[in-house]
Amino acid sequence: MKAPVRVAVTGAAGQIGYSLLFRIASGEMLGKDQPVILQLLEVAHEKAQQALKGVIMELDDCAFPLLAGVVATDDPMVAFKDADIALLVGARPRGPGMERKDLLQENAKIFTVQGAALNAVASRNVKVLVVGNPANTNAYIAMKSAPDLPSKNFTAMLRLDHNRALSQLAAKSGKAVSSIDKLVVWGNHSPTMYPDYRFATVGGDSLKALINDEEWNRTTFLPTVGKRGAAIIEARGLSSAASAANAAVDHIRDWVLGTNGKWVTMGVPSDGSYGIPEGVIYGVPVTCENGEYTRITGLEIDEFSRERMNFTLAELEEERAGVAHLLG
Ligand code: NAX
């Protein structure tokens with residue numbers, strides 16, 4: 001039996017947490033032979049801690065053979081102790097009358113504290129995925145607050161956007177989701193993201209040539225993927241949860257276990273390529289092998305794409321400037 005992997009999850013009593021924890025504990029994220037210890041963080045509020053207790057009772061009732069332990073806490077120093085993987089899901093939602101600027105500030109406070117705690121107590125190889133919004137900037141703040149950890153270990157979730165785009169493309173082309181490769185979602189996890197299927201293939205052939213409908217790309221595909229989160233809220237009355245948890249499982253599974261050469265999108269600190277300033281957490285195409293991701297380099301960026309990539313970058317730069325004073 002392998003030694004257990006410590007997986008920290010924040011916001012564990014929330015909607016996404018409720019879809020996520022059971023899949024991690026059943027082995028869907030790290031493999032059916034990999035025991036896990038869940039280290040769950042929730043705010044100190046009594047209601048949240050009570051709800052977390054209930055979730056843990058349900059985890060117990062599943063009698064998952066791979067679940068080697070559960071820790072529940074309101075202290076990031078406990079939740080992140082020796083963590084191999086940290087899923088930062090909990091974040092401050094936008095309240096009534098709250099401006100985007102205020103939301104950024106509130107979350108900056110959370111992610112500076114959590115970044116510092118990861119820096120102090122997590123495994124030196126901890127793989128961090130930030131799901132809580134604004135995900136890219138929160139990941140940036142956590143990374144900047146953890147100077148002793150490798151920056152490449154801080155990532156933001158663009159995978160839900162990637163999966164949403166994949167599914168739209170499969171429906172449009174009549175091809176199986178699994179047959180489509182080389183899709184990219186550039187930029188910020190926000191409606192400004194740029195899903196780009198110019199390089200996509202289906203069974204080795206160009207998907208763009210197969211679809212051959214630029215009008216559909218601009219007037220249907222891009223807005224549908226960009227506004228999918230809002231469409232789910234309108235239909236369900238609640239934001240995406242099961243699909244977000246599924247994307248988090250996909251992101252970590254691929255990072256740890258590899259993609260076999262297949263491209264996936266991860267929000268990672270830029271190395272300066274594609275004209276994206278170094279350090280900005282930006283969605284790019286990667287492949288994963290042996291627990292490391294490698295950027296796909298050298299893709300040609302045409303004029304329309306450059307415009308879209310700069311647009312989403314400008315939003316990220318604005319967010320970054322908005323929290324700069326908190327990062328020293
Ligand atoms: P919920 O409000 O249901 O749950 C969030 C939980 O986090 C709550 O239980 C809350 O008490 C807890 N929390 C808040 N601050 C915390 C802190 N400092 N430490 C520990 N726990 C804390 O939200 P849910 O629907 O689960 O969504 C969670 C986050 O994911 C939100 O920020 C949401 O915007 C974001 N999303 C990101 C997506 C992405 O693709 N990157 C997609 C889905 C989702 O919208």
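The values are calculated or read from the model by the stated rules, or taken from the named source; none is laboratory data. Remember, it's a predicted structure, so these values are computed and weren't measured experimentally. So basically every Cβ, Gly included, is an ideal-geometry build from the backbone, and we count neighbours across all protein chains shown. These area figures cover heavy atoms from the full protein model, side chains too; ligands, DNA and RNA do not enter into them. Shrake-Rupley method; radii C 1.70, N 1.55, O 1.52, S 1.80 Å.
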(request) Return the only residue of T155, T112, T137 being outside any helix (DSSP H, G or I) and at pLDDT 95 or above. (result) T155
(request) Could you grab me the full set of residues in the stretch 82-118 that are under 24 Å from M29 (Cβ atoms) and without any contact (Cβ under 8 Å) to a residue 60 or more places away in the chain? (result) I110, F111, G115, A117, L118
(message) Exactly one condition in (1) open to solvent by 60 Å² or more (accessible area, probe 1.4 Å); (2) touching a residue at least 60 places away in the same chain (Cβ under 8 Å); (3) in a loop (DSSP other than H, G, I, E, B); (4) within 16 Å of the ligand (Cβ to nearest atom) is false for Y18; which is it?
(response) (3)
(message) Which pairs turn up if I take residues in the stretch 225-236 that are under 20 Å from Y194 (Cβ atoms) and assigned by the TED database to the domain that holds L183 and look for partners that are within 12 Å of the ligand (Cβ to nearest atom) and assigned to a helix (DSSP H, G or I) with beta carbon separation below 6 Å, at least 6 apart in sequence or on another chain?
(response) V225/R164; R228/R164
(request) Identify all residues within the stretch 132-185 that are open to solvent by less than 10 Å² (accessible area, probe 1.4 Å) and in contact with an Asp or Glu (Cβ under 6 Å, 6 or more places away or on another chain); write none if there are none. (result) T137, V184, V185
(request) Could you please find all residues in the stretch 32-67 being open to solvent by 20 Å² or more (accessible area, probe 1.4 Å), within 16 Å of the ligand (Cβ to nearest atom) and in contact with a Leu (Cβ under 8 Å, 6 or more places away or on another chain)? (result) E42, I56
